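Trainee: Take this structure, written in structure tokens, and hold onto it; I'll ask about it next.
The values are calculated or read from the model by the stated rules, or taken from the named source; none is laboratory data. Predicted model, so just to flag it, every value in this text is computed and none were measured. Note: ideal-geometry Cβ built from the backbone for every residue, glycine included; neighbour counts use all protein chains shown. Please note that ligands, DNA and RNA were not included when accessible areas were found on the heavy atoms of the full protein model with its side chains. Shrake-Rupley method; radii C 1.70, N 1.55, O 1.52, S 1.80 Å.
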Amino acid sequence: MPNLVNRLVIQELQHELGKAEGMVIVSFGGLTVKESETLRNQLAKKGATLSLVRNSLARIVLAERGFEATPEMLAGNTAIAYGNAEAAIHASKIFQGADVKKAGKVQIRGGVLEGKLLGAKDTIALADVPDRKTLNGKLVSLLVSGPRSLAMLLNAVPSAEARLLKARADQLEASGGAAPAS
């Protein structure tokens, strides 16, 4: 039975992680306070919160949500970035960013997205998912391309006919205005 402090921490983690749509679980060792604060600020701008957690307590909270965390996922110094699904995707992008990768102090170990436990490779792959604005732009482009093509096609018929009539008029004018005998 966990002691009072652990029960309070578990209760807080249950409250915070229980409503999170997405999480990114990372190793979090060797960062200076300045690097840690910079990382937290970047995550906060994208709607994610970063918490250092004890592995045993994180395992309990994840198990209560129905996730069986692997020993590799919760080993050593562990932190969890959590928030809505989009915040988790942004967290993965931040952890895969050039600054963080260059330092080599933070490694993605796994994650949770919309009720599914992800391994390290799948969580890293989230960094390649385009953000909502990009996806919306692509969707609008797809929706507009059909009507635009149809409008261009319908406009091409009369304009081609007009060019043909203009060419025939120019031909008649060049030949002296007489219509050729057919």
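Trainee: In the full protein assembly as shown, how much of R168 is accessible to a 1.4 Å probe, in Å² to the nearest 10?
Mentor: Using a 1.4 Å probe on the heavy atoms, I get roughly 100 Å².
Trainee: Here's something else I'd like to know. Among L17, L143, N55, whose Cα projects farthest towards the positive end of the dipole of the chain, with charges put on the beta-carbon of Lys, Arg (+1) and Asp, Glu (-1)?
Mentor: Of the listed residues, the answer is N55.
Trainee: Still on this structure, please answer the following. Roughly how big is the range 5-121's charge dipole about its Cα centre, with Cβ charges of +1 (Lys, Arg) and -1 (Asp, Glu), in debye to the nearest 20? All intermediate terms of the calculation are to be shown ahead of the outcome.
Mentor: Working: 16 positive and 11 negative charges, 56 e Å.
Computed about the Cα centre, the dipole is about 260 debye.
Trainee: Against the longest principal axis of the chain, how steep is helix 55-64, in degrees 0 to 90 to the nearest 10, with axes from Cα atoms?
Mentor: Approximately 60 degrees, to the nearest ten.
Trainee: Among 84-92, 6-14, 57-65, how do they line up from the highest to the lowest mean number of other beta-carbon atoms within 10 Å? Write down the numbers at each step before the final one.
Mentor: Values: 84-92: 22.8, 6-14: 14.8, 57-65: 17.9.
Averaged packing, sorted descending, gives the order 84-92, 57-65, 6-14.
Trainee: Accessible area of the chain with a 1.4 Å probe: how many percent of it is carbon plus sulfur? Provide the component values of the computation, followed by the final result.
Mentor: Numbers: 6820 of 11590 Å².
Result for the chain: 59 percent of the exposed heavy-atom area is carbon or sulfur.
Trainee: Against the longest principal axis of the chain, how steep is helix 4-18, in degrees 0 to 90 to the nearest 10, with axes from Cα atoms?
Mentor: Long axis of 4-18 versus the principal axis of the chain: about 10 degrees.
Trainee: Which value, in Å² rounded to 10, gives the accessible area of M152 with a 1.4 Å probe and all protein chains present?
Mentor: Probe radius 1.4 Å; accessible area of M152 about 130 Å².
Trainee: State which entries of K34/K102; K45/K133; K102/K133; K101/K121; K45/K121; K45/K93 exceed 20 angstrom in Cα-Cα distance in the structure shown. Show your work: numbers first, answer last.
Mentor: Numbers: K34/K102 16 Å; K45/K133 16 Å; K102/K133 28 Å; K101/K121 15 Å; K45/K121 25 Å; K45/K93 13 Å.
In this structure, K102/K133; K45/K121 lie more than 20 Å apart at Cα.
Trainee: How much area per residue is accessible in the range 1-83 when the probe is 1.4 Å and only protein heavy atoms are counted (Å²)? Please list the in-between numbers first.
Mentor: Numbers: 4600 Å² over 83 residues.
Averaged over the residues of the range 1-83, the accessible area is 55 Å².
Trainee: With everything on Cα atoms, drop me the angle between helix 85-95 and the longest principal axis of the chain, reported from 0 to 90° to the nearest 10.
Mentor: Relative to the chain, helix 85-95 is tipped by roughly 80 degrees.
Trainee: In units of 2.2 N^0.38 Å, what is the alpha-carbon radius of gyration of the chain?
Mentor: On the way: Rg = 29.8 Å, N = 182, 2.2 N^0.38 = 15.9 Å.
Rg over 2.2 N^0.38 Å, computed on Cα atoms: 1.88.
Trainee: Under a cut-off of 19 Å between alpha-carbon atoms, report the aspartates and glutamates in cross-link reach of K46, not counting same-chain residues fewer than 8 places apart.
Mentor: Within the straight-line cut-off, K46 pairs with E16, E21, E35, E37, E86, D99, E114, D128, D131.
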